[in-house]
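Working notes, structure below.
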Amino acid sequence: MYRTALRRGRTWAILAILILCSPFLTACLPGSAEPEGPHLELSATIPGKGAKQTVLRVGDPQTQVALELSGLGKDLPFKVQWANLQGGPETLEAFRADALDVGSVADIPPLFAQWNGTDVKIIAARYTEDPLQHPVYELGIAPGADVDSLSDLRGKKIAYSPGQAQGALVLKLLNKLDLTKKDVELVEMQSVDDVYVNALGSGQVDVAPLGQALVPPLLSKYGPDGAKTISPRIRDDAWHLYTPTEVLQDAHKAAALKRYVAVWGQAQRWIDAHPEEFARGYYVQHEGLAPKDAEYVVDALGTHDVPADWSTAIARHQQTVDLLVKEQGQKPLDVKALYDDRFEGVGADPVDKEATR
């Protein structure tokens, strides 16, 4: 039902199936050689232009489809290698294998990359305009779990992935309900493909945070047996582009990334303005959802906000860090240092052809 070739987190799989190039972007073979650009200090201004032969390796399937459908990808003056992967574990694997320059993830993967020895920077941020009405995640409830509201979570088995956004959501939810990890049974499992859906269906867990694209499969497969969803009522809408710090020290790559972020921002606005076209192009044709399910997902996720000022976003991100330090024993981290302020506001600019040439 979903494309899963790169969702098992293995380096050999990433290297073997990495490249899916757009018809209108220059196609390249995996590992194609590219001259390194001049060294760029992290405090230096990013050049306005890079070399045309620069190759940017991007793990951002939603934006890839949006650029193809909208034609905005024609404004990128460099070569793009598209990797059909997203999510923290597989993106970090690709970074470590030097197979990816930029990934698209929620707010937790950049933190765990840093905590696990891969120095990264956040270069773009996106949120939902009405996050409580349009949550990224719903709580999937297993058949017979006897959970009708958030107050019923005490003593339940909850799917928990420490290094992913779903895991942070669980911790935030427990904190909101004045529960501790001892008040529930956390069942560690990585959220990939439909693992959480199957865990709910089999009774392995009572509750699991599900991305909106997994809600229709849960209700279709297990709804007749009593499966359902409830809203966590927790803000869960942070989304980022992030990159290994060493990529930003290549002047050509840094210039390409800045232009990519500008066009990425345009793509988010195009998605909001063309929900039906995006639903067909991405969720139906790329992800394999039924048309009615694709419409449900796009409607459930709402529209996007790409802020020009990161200060509020950084403050919320720091609260998440502090929670993980407390609940997981992570090392204290100044999250502001993860944000490369040279990119602040780039994705929020209105359509500007000069900004993307």
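The values are calculated or read from the model by the stated rules, or taken from the named source; none is laboratory data. What you see is a predicted model; the values in this text were computed from it and never measured. Neighbour counts are summed over all protein chains in view; Cβ atoms, including those assigned to glycine, are modelled from backbone coordinates with ideal geometry. The area values use the complete protein model at the heavy-atom level, side chains included, leaving out ligands, DNA and RNA. Shrake-Rupley method; radii C 1.70, N 1.55, O 1.52, S 1.80 Å.
Does VAL197 satisfy the criteria of being open to solvent by 20 Å² or more (accessible area, probe 1.4 Å) and more than 16 Å from PRO232 (Cα to Cα)? So VAL197 does not fit the description; no. Of the helices (runs of 4 or more DSSP H) lying entirely inside region 255-357, those containing at least 3 residues that are open to solvent by 40 Å² or more (accessible area, probe 1.4 Å), among the charged types (D, E, K, R) and closer than 30 Å to SER220 by Cα are 291-301. Do we find a residue being modelled with pLDDT of 90 or more, of a type in the set (Asp, Glu) and farther than 21 Å from PRO244 by Cα anywhere in region 58-73? The answer is yes; a qualifying residue exists. Against the conditions (1) within 19 Å of the chain's Cα centre (by Cα); (2) surrounded by 19 or more Cβ atoms within 10 Å (Cβ to Cβ), PRO162 satisfies every one except (2). Only strands (runs of 3 or more DSSP E) whose full extent lies in region 166-233 are considered here, and the ones with at least 1 residues that are within 24 Å of VAL284 (Cβ to Cβ) are 207-211, 228-230.
Would it be correct to say that VAL147 is under 30 Å from PRO332 (Cβ atoms) and either surrounded by fewer than 20 Cβ atoms within 10 Å (Cβ to Cβ) or of a type outside the set (Ser, Thr, Tyr) (or both)? No: the conditions fail for VAL147.
Only one of the numbered conditions (1) open to solvent by less than 20 Å² (accessible area, probe 1.4 Å); (2) closer than 27 Å to LEU92 by Cβ; (3) at pLDDT 95 or above is not met by PRO135, and that is (3).
Among the residues of region 243-253, none qualifies, meaning not one is modelled with pLDDT of 95 or more, open to solvent by 10 Å² or more (accessible area, probe 1.4 Å), under 20 Å from THR320 (Cα atoms) and of a type outside the set (D, E, K, R).
The set of residues from region 70-102 being open to solvent by 10 Å² or more (accessible area, probe 1.4 Å), over 14 Å from the mean Cα position of the chain (by Cα) and more than 24 Å from ALA168 (Cβ to Cβ) comprises SER70, GLY71, LEU72, LYS74, ASP75, LEU76, PRO77, PHE78, LYS79, ALA97, ASP98.
Residues in region 216-233 that are surrounded by fewer than 22 Cβ atoms within 10 Å (Cβ to Cβ), among the hydrophobic types (A, V, I, L, M, F, W, C) and touching a residue at least 40 places away in the same chain (Cβ under 8 Å) were compared, and the one that is nearest to TYR339 (Cα to Cα) is ILE230.
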